[in-house]
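The block underneath contains the structure these notes are about, expressed in structure tokens.
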């Protein structure tokens, strides 16, 4: 333990969390989104976005750049004492791609040879997916074409090992406390539905990412974010994520203001459309909307300086970020917005039918209302704001049932392919997040995805971003900052190159000896 750590019996971290539906991120990423990550993958990303060994000690790529070999850590065990093997990872990847499991994130692993054909039903034999355990500790992953970011894909939490014997015995209930087995430093101790869950240490874990904490207690909240911060003020929790609505009052609080942290996130908020149907199949309509939104006002007034304006997809600090060079494409320009809408056949909004503006998260409402007013004021078009249950919203999004929607995307792994290819590369209905399609964009991101020269591939991603902004696949709004309150005794949150302190994982943190 660090020298300034409290005694072991005080190493208990408490926080507020939306209750997940499951912990099975392998096939249900959205339903597990707010849960802990008790399943260790082959690799891991730290707070500085460095790629580190995790279940695999090391890895290498073949001369033809099509075969990646991962060598697993010796002596690793599941929380029930069984050895962690390469066979567990072979099962995990093939399970995530099996179409009968309905994994909407299966496309994450499409670079793997045979993955897409198996996932979309063109092949029925899982052995055609070329993830192969050569022995207990050697896993080989073959790709269709060179894939320089493949080790980054293996950091994604849905790639954490899954215990086959538990899944086959308990089915959907395999992640319940009495059934679960985990391979990370944490194991689920209890889950009291509607109240809280608790994780403790996996006594068998022998890896490089062992936690300092003895227990983690997540208290469930009933909405996307808590109302107020009374539990934090009463020292009932050590950490609380915040919305922009909380930040203004906290800044002026003499105690809480010192405990407030704002951290630039790899996260982008945007509007997307059903570009297959009027009026949003008209490029000039989409352009008009992009020029009618005052992003500075959104960030300063609505979001209380908890975000920075965005004009493209990739956020600051991310590879291929060039927002300053792309900012003019979707700049705020009310005169140009009116002109474009007139050229689209809707002068001063005449003939433009009222449209539904669909949200999946309650905290988006204030931003949506501000955009609603901006579009009415500048373009004289009307929007009806509709908030959906998040699970229903995700289903509707993948079925392309949202005419116009406000959403965001947070990087799954530190490479432009995550935020460009995973979101905007065209996919069939049911697999793609939205129906926008541009052949040259697809070609660029596909080519970049197999280019091993880093400078060349980043240049391709810059060109792809320009197309995305010019064709208004999305109207890019802002890059959010993560706002949170952290107690003075919450230690181990590390400074990043931007001089900020991101709450990155539960492995590094501990309770200091200054806790009352």
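The values are calculated or read from the model by the stated rules, or taken from the named source; none is laboratory data. Because the structure is a prediction, the values reported are computed rather than measured. Counting neighbours? That spans all protein chains shown, and the Cβs are built from the backbone with ideal geometry, glycine included.
Annotations for the structure displayed:
- Residues in region 16-51 that are more than 16 Å from the chain's Cα centre (by Cα), within 25 Å of residue 498 (Cβ to Cβ) and at pLDDT below 95: 48, 50, 51.
- Exclusive hit being free of Cβ contacts under 8 Å to residues at least 24 places away in the same chain, crowded, with 22+ Cβ neighbours inside 10 Å and closer than 30 Å to residue 148 by Cβ, set 420, 444, 468: 444
- Taken together, 216, 250 contain a single residue that is buried (at least 18 other Cβ atoms within 10 Å of the Cβ) and touching a helix residue (DSSP H, G or I) at 6+ places or on another chain (Cβ under 8 Å), which is 250.
- The residues of region 376-389 that are buried (at least 17 other Cβ atoms within 10 Å of the Cβ) and either under 19 Å from the mean Cα position of the chain (by Cα) or not in a helix (DSSP H, G or I) (or both), listed by number, are 381, 383, 388.
- If the condition is being part of a helix (DSSP H, G or I) and surrounded by fewer than 22 Cβ atoms within 10 Å (Cβ to Cβ), then region 447-459 contributes 447, 454, 455, 456, 458, 459.
- Tally of residues being out of contact with any strand residue (DSSP E or B) (no Cβ under 7 Å at 6 or more places or on another chain) and under 29 Å from residue 321 (Cβ atoms) across region 247-266: 1
- Within region 324-349, tally of residues that are free of Cβ contacts under 8 Å to residues at least 24 places away in the same chain and either under 20 Å from the mean Cα position of the chain (by Cα) or assigned to a loop (DSSP other than H, G, I, E, B) (or both): 2
- Against the test of being out of contact with any strand residue (DSSP E or B) (no Cβ under 9 Å at 6 or more places or on another chain), touching a residue at least 24 places away in the same chain (Cβ under 8 Å) and not assigned by TED's automatic domain parsing to the domain that holds residue 83, the options 241, 231, 297 yield a single qualifying residue, 297.
- Considering residues of region 272-286 that are touching a strand residue (DSSP E or B) at 6+ places or on another chain (Cβ under 9 Å) and touching a residue at least 60 places away in the same chain (Cβ under 8 Å) only, the residue surrounded by the fewest Cβ atoms within 10 Å (Cβ to Cβ): 274
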